[in-house]
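Report on one structure; see the data block that follows.
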Amino acid sequence: MSSIYRRFYTEVCQTLFRQPNIVDAAEPLIQRVFPWFRADFYAARVLQIKPQAGCLRLKLKVSRFFPLFTPGQHLQLRVSIQGVPMERTFSICSSVQQLHAQREIELAVKIQPQGRFTSALSGELIPGSYVHLGAPTGDFSLSQDHAACLIAAGSGVTPLFSMLNSLSRLTVPLLFVYSYRGAAQLLFAEHWAELQAKFPLLQLVLWDSAASGRLTPERLFAKLQPELRGKFLLCGPTEFTQDFRAACLAQGVSPTQISTESFGLLQPTAANSQPVRLALGRQQHDLGGQGSILQRAEQSGLVLRYGCRRGVCMQCLCDKSSGVVRNLLTGELSDAGAGRIQLCISEAVSPVELSSEGLVV
């Protein structure tokens, strides 16, 4: 379809149906026949809900149309919370073999007591319920060609566990370090001994910080001595992954050998709240408040589309026409010109002007 016809098709759908394509527009009609249908999502039936280590482990049955994933990838989980569809991003924690053999995937959802989404899941879902899943995405993955060191903290273990659990054999040394706080916070407790027995080349270190103290880069390199020529995959809170990445670089590890995935944001540092003007279609909004631009929009009374709130799902992408923003995951500053930014992880450090037509819920 040429760009002219594609643009005409989109404009017709938006004019007649207020939707970007015909499938979205037809969704209410399709749901009369197939109540589980959601445009752009895959329906999945809840098989099991298991609380463990401050998480809800969800075992889900998917259809044969659900795409294959690469261990380490994440997806969007959509659930109706008190009748309102809500989405968040979670890493797949099960193996590829489980998807092949049983058409099942598993998620480990960290419960945030103050979170509108995760704190409500246990009350909304029961075995037999339907949820909806986006297609797996992301490039955080493990290559088996070289020795590797996988380091996780807290619920950051979920994508790394999927990588390890998906291996059929291990032909190079693999150091897997998982830091958790207390036996009650050990995820996948029933699997670790089996995995250690399965892979002779696996050096598995379950680091209980409540008993052994905080895992630091200095302790890692002094006690465990990882292979510096191998790959390093880091997943955990932002400050944890930043500290370990900096330590790897200081040891002479090449930046190309290090992959990171983080949750949580750096604290905003702007002393004074900078002016932010957000154009949503023809309406202009001057944002008050403090924090990320998404937080400031919400503090100003706007309800915008978002998914993960941690820079993964790309649902809050917006066009910046001018101004400098700081990435709250990496600390990097943008240039002052035009570009695309993610509202959930961007903090204005100068006057900023933004525009979007697709962010309003």
* Asked: When you look at V276, is it among the hydrophobic types (A, V, I, L, M, F, W, C) and under 24 Å from R88 (Cα atoms), yes or no?
  -> no
* Number of the condition not met by K110 [criteria: (1) under 23 Å from the mean Cα position of the chain (by Cα); (2) surrounded by 17 or more Cβ atoms within 10 Å (Cβ to Cβ); (3) without any contact (Cβ under 8 Å) to a residue 40 or more places away in the chain] -> (3)
* Structure fact -> For the stretch 28-50 the number of residues that are within 20 Å of the chain's Cα centre (by Cα), modelled with pLDDT of 85 or more and open to solvent by 50 Å² or more (accessible area, probe 1.4 Å) is 1
* To do: Determine whether Q76 is surrounded by fewer than 16 Cβ atoms within 10 Å (Cβ to Cβ) and modelled with pLDDT under 90.
  => no
* With the checklist (1) under 20 Å from P71 (Cβ atoms); (2) in a helix (DSSP H, G or I); (3) open to solvent by 50 Å² or more (accessible area, probe 1.4 Å) in hand, flag the one item T158 doesn't pass. => (3)
* Asked: Considering only residues of the stretch 80-96 that are crowded, with 22+ Cβ neighbours inside 10 Å, part of a strand (DSSP E or B) and in contact with a helix residue (DSSP H, G or I) (Cβ under 6 Å, 6 or more places away or on another chain), which is modelled with the lowest pLDDT?
  -> S91
* Report, by residue number, each residue of the stretch 170-188 that is assigned to a loop (DSSP other than H, G, I, E, B) and either surrounded by 12 or more Cβ atoms within 10 Å (Cβ to Cβ) or not hydroxyl-bearing (S, T, Y) (or both). => L170, V172, P173, R181, G182, L186, L187, F188
* Only one of (1) of a type outside the set (D, E); (2) farther than 21 Å from C248 by Cβ; (3) in a loop (DSSP other than H, G, I, E, B) is not met by L228, so which one is it? -> (2)
* To do: Answer with yes or no whether V312 is touching a residue at least 12 places away in the same chain (Cβ under 8 Å), over 22 Å from the mean Cα position of the chain (by Cα) and within 21 Å of T238 (Cβ to Cβ).
  => no
* In the stretch 189-209, is there at least one residue being in contact with a Lys or Arg (Cβ under 7 Å, 6 or more places away or on another chain), outside any strand (DSSP E or B) and closer than 24 Å to L68 by Cα? -> no
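The values are calculated or read from the model by the stated rules, or taken from the named source; none is laboratory data. It should be emphasised that the depicted structure is a prediction, and the values quoted were computed from it without experimental measurement. Every residue, glycine among them, receives a Cβ derived from its backbone with ideal geometry; neighbour counts consider all protein chains shown. Note: areas computed on protein heavy atoms with side chains; ligands, DNA, RNA excluded. Shrake-Rupley method; radii C 1.70, N 1.55, O 1.52, S 1.80 Å.
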